[in-house]
Amino acid sequence: MAEAPHTQTLDRLRSADEPAFGGKSASLGELLAGGIPVPPGFALSTSAFHAFVRESGLQRTIDDALSHMTIGDVDSVSGASRTISEAMRHAPIPTAVEEEIAARYADVAEAAGEPEPPVAVRSSAVGEDSEEATFAGQQETYLWVRGVGHVCDAVRDCWVSLFSPTAISYRARLGAAPEPAMGVTVQLMVDAGVSGVMFTCNPVSGDRSMIAINASWGLGLAVVGGEVTPDDLLVSKVTGEVVREHIHSKELEYVPDPGGRGAVRVDVPAERRDVRCLDEDAIAALVDVGRKVERYFGSAQDIEWAIARDASVPEGVYIVQSRPVTTTKPAVAEKPAGGDALSMVMATFGVKSAGGGQR
Amino acid sequence: MASTTPATGSFPSPYEVETLPGCEGWEEMYPYYGRFLESRREADEGRFWFWNSMHFPEPMPAFDVVCIDSPYQGIGSWQNRVFAVPPAMGIDWRVVNGYIYITGNPVLDPEKVAERAEVFQKRAGYYYENWDELYGKWRSNMEQLIKELSELEVPDLPEYEPDAVVSGEQNTSFYRVQDAYSRTLRMGDLMWQHHFELLLLGYGAYATLAEFCKANLPDIPDQHIAQMVAGIDVILFRPDQELRRLARLAIETGVDGAFRQGRTPEEIDAELATSEAGRAWLEELEKVKEPWFHMATGDGLYHFYRSWLDEPSIPYASLIGHIAALQAGQEIERPTEQIREERDRLANGYRELLDESAQATFDDLLNLSRKVFPYVEEHKFFCDYWFLTSWWNKIREFGALLARNGFLEDGEDVFHLTRHEVASALDELTLTWATGGKPAGPTHWPPIVARRKEILERFKEWNPPPALGTAPEKVMDPTLIMLWGITDERVRDWASQVEGGSSLNGAAASPGTIEGVARVVRSVDQIGDVREGEVLVCGSTSPAWAPIFSKISATVTDVGGVMSHAAIVCREYGLPAVVGTGRATATIKTGQRVRVDGTNGVVTILDGDGDG
């Protein structure tokens with residue numbers, strides 16, 4: 001693409017692009033750089049959002065609505081949110097941005113081998129506190145979106161989410177709030193037969209020799225949204241053995257809408273509910289890719305993954321998101337991290353160490 | 001039959017356990033100090049006694065009590081008096097309805113613990129530092145002792161003393177019989193002293209590595225730690241390795257036709273003797289016998305666990321199996337290269353997951369464990385198998401002497417007398433031999449033996465509770481933890497099982513889950529009953545059980561940790577195993593369907609029926 005100031009293909013992004021493209025897009029770029037299988041796609045920079053606000057003359061509406069709002073007054077904040085959202089939904093996307101999206105989408109279509117391939121459109125938050133921002137509701141996901149028009153609508157909907165009542169309140173609470181901005185990730189959809197998340201450590205015990213996998217049928221929505229109790233596996237990184245497993249009854253799943261757009265929630269047929277949704281090969285492939293991601297980033301990762309329906313593994317395994325594990329407590333507080341082997345053996349026999357206190 | 005009256009703690013009081021009907025007077029088989037005496041009721045009820053079903057799964061014959069006293073003498077000497085392990089002295093034992101319960105003697109005074117710590121550090125440090133040299137010395141001591149034992153002659157009592165007595169070259173037969181008996185007993189004691197010289201330190205190094213791994217990687221499976229340490233070319237595997245070699249040789253030289261299912265060793269030997277190739281094979285077999293056929297058919301602590309030399313049907317059954325497998329085109333070799341690779345893969349895999357500072361400690365602990373572990377694995381062959389099976393045979397010679405003189409109906413009956421009663425019988429025998437008087441022994445001993453045999457048979461029907469007395473607040477004794485796997489968790493599990501229930505917890509010894517029909521096997525002579533695909537439920541296993549692991553689908557044991565024989569073999573065969581359940585043989589009945597979850601260490605009884 002000759003001139004594309006507002007977009008970039010995912011594989012060209014690196015972590016340094018986070019300020020412009022947001023954390024999600026940047027980390028997908030890093031994954032691709034690390035040779036991790038990530039569905040192809042592209043990202044919109046915050047400049048696209050800024051162009052949208054500037055060219056449609058929305059800034060005045062936004063400033064007006066926010067200046068008349070009383071922080072802490074729920075009705076007032078909701079009113080401002082409504083005013084801004086309405087205005088944004090009716091504003092056109094700048095032609096230059098729309099043309100870039102169309103061209104990038106055409107590339108995805110070519111790679112996918114179909115004219116209007118389904119894509120996932122997600123917000124990609126910007127800023128050091130993006131984790132917390134995510135928590136504040138600035139994360140939107142639109143699945144199974146087809147056609148340039150609908151992609152543009154979904155992109156706009158992501159932008160709109162910047163002005164949800166929660167997001168407005170959150171920024172207001174921060175005081176000297178930065179100008180709101182957001183990147184967007186557009187990625188080819190994987191029609192997942194099974195999907196879920198994995199931690200490249202046991203998040204409960206902190207054991208780094210384990211990979212903890214949660215898996216359920218269908219698209220990842222059900223697991224991420226906590227709508228099902230997924231199969232819960234603990235797998236040894238070293239041998240690939242399943243060390244512990246709890247198979248739960250997985251009663252619902254998300255599948256692509258038969259109409260072609262969006263995802264729908266359906267009941268899982270009885271015969272599939274109580275069986276483990278991952279076979280040995282799939283587990284091995286996940287462990288493999290999980291270790292690769294962890295090695296690339298150099299720290300324990302919390303990874304969203306999907307396995308394409310009816311695909312064989314490892315070819316069908318895709319990573320759709322990865323971020324550092326932040327919630328894990330460091331493995332065992334008073335662990336004997338190192339020391340003289342012989343005095344440790346002595347301690348086994350009840351010889352108290354010089355520092356006192358028997359292990 | 002066990003009383004379920006709770007004692008002060010969670011287990012039945014040993015004093016409330018009733019004598020089985022028809023077994024009145026059983027106590028006289030055992031020394032007074034091994035009984036729960038009224039005079040020390042208060043103290044003994046307050047202690048935690050667990051059934052040592054790992055070493056004593058069956059009721060104890062009177063003579064076999066030697067194999068309680070001597071080992072605990074050995075543990076106590078080394079742990080308490082030589083190394084002075086700071087928090088623990090030795091092990092006390094008691095007998096209830098023929099079954100052996102043990103407990104540790106803790107050191108509670110902190111000053112005493114500190115004092116012992118100094119002794120321990122100095123002496124244990126010396127051992128670890130000079131391990132290879134000390135182990136080398138140990139081996140030559142054991143080989144010397146075994147040689148002495150095999151050369152020890154049990155003399156007969158002749159009509160007239162030989163000329164050698166007249167010439168002064170030889171003592172009188174009275175003296176020689178008495179001397180041989182006391183030397184035999186002392187050699188047994190000495191073996192048990194050797195047995196424990198290095199064992200505790202060997203286990204201690206391993207236990208430290210395990211604890212270190214778990215502190216850093218809390219979910220690491222026990223079997224992975226064991227696999228990282230386990231030896232590859234261990235003496236224990238040699239006997240079966242030799243059988244596999246002989247099986248291949250039989251096929252190569254075309255004599256495999258002699259090894260047909262259902263034939264006795266004598267029949268096979270007879271056919272082999274008819275051809276030159278067959279005779280050559282038999283010659284090769286003779287070379288293998290010393291020492292590899294000193295393999296025991298059981299874990300060695302009972303007189304009835306014989307060696308392969310005594311019961312050739314056991315190695316011959318293996319030979320027939322190996323030959324049939326080879327003929328069917330199967331691989332019978334232990335995949336040592338694969339085991340070695342797996343061992344390195346595990347060690348490297350876990351190592352690279354540790355912090356840099358921890359990696360150095362891991363290396364040191366792993367190296368120390370690997371250095372000391374050959375002893376842990378190999379002492380069994382020298383002590384428990386080779387020496388002990390030979391030693392029991394020496395006792396049999398005294399039994400034969402007593403039987404020839406009418407004191408016993410059968411030489412084997414000697415094992416139903418205590419070692420002191422045998423001494424007493426020999427006293428009378430040699431006395432009346434000398435005096436020419438009429439001995440009372442022939443009328444005195446046989447009814448006693450008959451009564452005791454009857455009592456032991458009845459004892460076999462009893463299911464001993466896993467523990468008696470008061471549950472400890474915390475298990476402090478490193479030996480109990482390392483050798484028997486008596487952890488706080490295990491004690492709690494047992495306590496909860498006193499309530500009963502349809503599932504049992506144990507150590508996850510070999511991963512995988514299967515459902516199958518249970519076969520409860522109480523002793524090695526019942527292993528012939530096991531059918532293809534059944535789940536083996538037993539007290540514990542030993543190398544003698546080897547032939548059945550290719551038949552069964554999983555193993556559940558009462559006692560043992562992840563380094564127990566059953567655990568090691570199941571990992572090799574890829575069978576799920578749950579060990580140390582406490583009372584699988586008491587809870588599960590033959591014929592019941594069970595689920596064995598070797599990954600999580602849980603056994604579930606799926607239905608209530610069984611013919612047991």
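The values are calculated or read from the model by the stated rules, or taken from the named source; none is laboratory data. Keep in mind that this is a model prediction, so the values were computed, not measured. Neighbour counts are summed over all protein chains in view; Cβ atoms, including those assigned to glycine, are modelled from backbone coordinates with ideal geometry.
Computed values, structure above
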item	result
Test result for A:Val155, β-branched (Val, Ile, Thr), under 26 Å from A:Asp17 (Cα atoms) and modelled with pLDDT of 95 or more	yes
Selected residue [touching a helix residue (DSSP H, G or I) at 6+ places or on another chain (Cβ under 6 Å), surrounded by 19 or more Cβ atoms within 10 Å (Cβ to Cβ) and within 14 Å of another protein chain (Cβ to nearest Cβ)] from B:Leu354, B:Leu243, B:Leu319	B:Leu354
Single condition B:Leu365 does not satisfy, out of (1) surrounded by fewer than 23 Cβ atoms within 10 Å (Cβ to Cβ); (2) at the interface with chain A (Cβ under 9 Å from one of its Cβ atoms); (3) not polar (S, T, N, Q)	(1)
Residues being crowded, with 22+ Cβ neighbours inside 10 Å and without any contact (Cβ under 8 Å) to a residue 12 or more places away in the chain - total across region B:511-556	0
When residues of region A:243-260 are limited to those that are part of a strand (DSSP E or B) and more than 7 Å from chain B (Cβ to nearest Cβ), the one farthest from B:Gly512 (Cα to Cα)	A:Pro256
Test set (1) more than 24 Å from A:Leu28 (Cβ to Cβ); (2) without any contact (Cβ under 8 Å) to a residue 12 or more places away in the chain - A:Asp153 fails condition number	(1)
Among (1) outside any helix (DSSP H, G or I); (2) surrounded by fewer than 20 Cβ atoms within 10 Å (Cβ to Cβ) - the single one B:Leu249 does not satisfy	(1)
Pick from region A:228-239, criterion part of a loop (DSSP other than H, G, I, E, B) and polar (S, T, N, Q), ranking: farthest from the other protein chains (Cβ to nearest Cβ)	A:Thr229
Residues (buried (at least 16 other Cβ atoms within 10 Å of the Cβ), of a type outside the set (S, T, N, Q) and free of Cβ contacts under 8 Å to residues at least 40 places away in the same chain) located in region A:231-240	A:Leu234, A:Val238
Helices (runs of 4 or more DSSP H) enclosed by region A:1-105 - at least 2 residues per element that are of a type outside the set (Lys, Arg) and more than 29 Å from A:Arg323 (Cβ to Cβ)	A:58-67, A:74-90
Of residues in region A:216-227 being over 14 Å from the mean Cα position of the chain (by Cα) and surrounded by fewer than 24 Cβ atoms within 10 Å (Cβ to Cβ), the one nearest to the other protein chains (Cβ to nearest Cβ)	A:Gly226
Pairs, first more than 11 Å from chain B (Cβ to nearest Cβ) in region A:194-210, second small (Gly, Ala, Ser) and in a loop (DSSP other than H, G, I, E, B), C-beta under 8 Å, six or more apart	A:Val194/A:Gly218; A:Ser195/A:Gly218; A:Ser195/A:Gly220; A:Gly196/A:Gly220; A:Val197/A:Gly220; A:Phe199/A:Ala300
Number of positions in region B:212-239 that are polar (S, T, N, Q) and touching a Leu at 6+ places or on another chain (Cβ under 8 Å)	2
Residue that is nearest to A:Ala112 (Cα to Cα), among those in region A:184-211 that are among the small types (Gly, Ala, Ser) and surrounded by 24 or more Cβ atoms within 10 Å (Cβ to Cβ)	A:Ala192
Residue tally, condition out of contact with any Ser or Thr (no Cβ under 9 Å at 6 or more places or on another chain) and assigned to a strand (DSSP E or B), over region A:193-213	4
Pick from region B:80-115, criterion within 25 Å of A:Ser343 (Cβ to Cβ) and within 20 Å of the chain's Cα centre (by Cα), ranking: nearest to the other protein chains (Cβ to nearest Cβ)	B:Gly104
Helices (runs of 4 or more DSSP H) wholly inside region A:265-359 containing at least 3 residues that are within 14 Å of chain B (Cβ to nearest Cβ) and at pLDDT below 90	A:341-348
Whichever residue in region B:152-177 is within 17 Å of B:Glu428 (Cβ to Cβ) and surrounded by fewer than 16 Cβ atoms within 10 Å (Cβ to Cβ) and, among such residues, is farthest from the chain's Cα centre (by Cα)	B:Thr172
Some residue of region B:285-293 being assigned to a helix (DSSP H, G or I), within 14 Å of another protein chain (Cβ to nearest Cβ) and without any contact (Cβ under 8 Å) to a residue 40 or more places away in the chain	no
Long-range neighbours under 7 Å by Cβ, at least six apart or interchain, first residue over 21 Å from B:Pro511 (Cβ atoms) within region B:584-597, second hydrophobic (A, V, I, L, M, F, W, C) and surrounded by fewer than 20 Cβ atoms within 10 Å (Cβ to Cβ)	B:Gly591/B:Val517; B:Gln592/B:Ile605
Test: residue in region A:171-183 that is more than 26 Å from A:Val325 (Cβ to Cβ), buried (at least 22 other Cβ atoms within 10 Å of the Cβ) and away from every other protein chain (no Cβ under 14 Å)	no
Residue in region B:42-65 that is modelled with pLDDT under 95, among the hydroxyl-bearing types (Ser, Thr, Tyr), assigned to a loop (DSSP other than H, G, I, E, B) and within 29 Å of B:Phe196 (Cα to Cα) present	yes
Given (1) part of a loop (DSSP other than H, G, I, E, B); (2) modelled with pLDDT under 90, index of the condition B:Glu341 fails	(1)
Which listed residue is more than 30 Å from B:Met187 (Cα to Cα), in contact (Cβ under 8 Å) with a residue 24 or more places away in the chain and not in a helix (DSSP H, G or I), from B:Leu346, B:Leu354	B:Leu354
